[in-house]
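Notes for the one structure printed next.
Just so you know, all these numbers are worked out from the coordinates, no wet-lab data involved. Predicted model, so just to flag it, every value in this text is computed and none were measured. Reconstructed Cβ throughout: ideal geometry from the backbone, glycine too, with neighbour counts over all protein chains shown.
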Amino acid sequence: MEEIATVNINNGKIKPHGDRPLSPEEIALIEGWITERQAVLAARDVDDILRAVDRMNLTTQWAQSKASDDQLEQVTDSLLMAMHDLRSVLIRKKADRLMKDEAAE
């Protein structure tokens, strides 16, 4: 295998490696790989968030049935701040989507 280019997945920028120019076929293959890789990474992001939801549900169960007062004291402020921040962002983003949908109609 020979390295022919460096790829930035975030912005799709392709830099040929060395002095060798990339052929149109190579560029097309790399662009196809970028598209596939971005889809895989996006799916992983969603999967990670769904796992976080599962963890939150387990945390709720733990706080309800197993946590001692000292344990709850250790985590309550951090959890409340994180949930507040998340709730604020989710509400703002949902409102933005609803307003965008209404404007489109």
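Odds and ends about this structure:
- Of the residues I91, I27, I14, the one that moves most in a GNM of the chain with alpha-carbon contacts below 10 Å is I91.
- Selected from D48, D19, D85 as most flexible by GNM, with the chain as the system and alpha-carbon contacts under 10 Å: D19
- With an a/c value of 1.5 or above and a/b larger than b/c for the gyration tensor axes a ≥ b ≥ c computed over the alpha-carbon atoms, segment 1-44 is described as prolate.
- Segment A67-A43, length gained on full extension (0.36 nm per residue, minus Cα span): 5.3 nm
- Rounded to the nearest 20, the Cβ-based charge dipole of the chain about its Cα centre (Lys and Arg +1, Asp and Glu -1) stands at 220 debye.
- Among P16, A95, A67 the positive-end extreme of the charge dipole of the chain (Cβ point charges): A95
- GNM result for the chain, Cα springs below 10 Å: residue of A43, A28, A67 fluctuating most strongly: A28
- Correct choice for semi-axes √(5λ) of the Cα gyration tensor in Å that was computed from the model, options (i) 21, 15, 14; (ii) 44, 22, 12; (iii) 18, 16, 13: (ii)
- Other residues whose C-beta falls under 13 angstrom from the C-beta of R51 contribute a net charge of -2, scoring Lys and Arg +1 and Asp and Glu -1.
- Net charge, P16 excluded, C-beta distance under 15 Å - Lys, Arg +1, Asp, Glu -1: -3
- Between helix 69-104 and the chain there is an angle of about 60 degrees, using the helix long axis and the longest principal axis of the Cα atoms.
- Between the listed residues A52, T76, L29, the Cα displaced farthest toward the positive end of the dipole of the chain, a dipole computed from Cβ unit charges relative to the Cα centre, is found at T76.
- Qualifying GluC sites (Glu not before Pro) in segment 1-67, DSSP loop, other Cβ atoms within 10 Å at most 11: E2, E3
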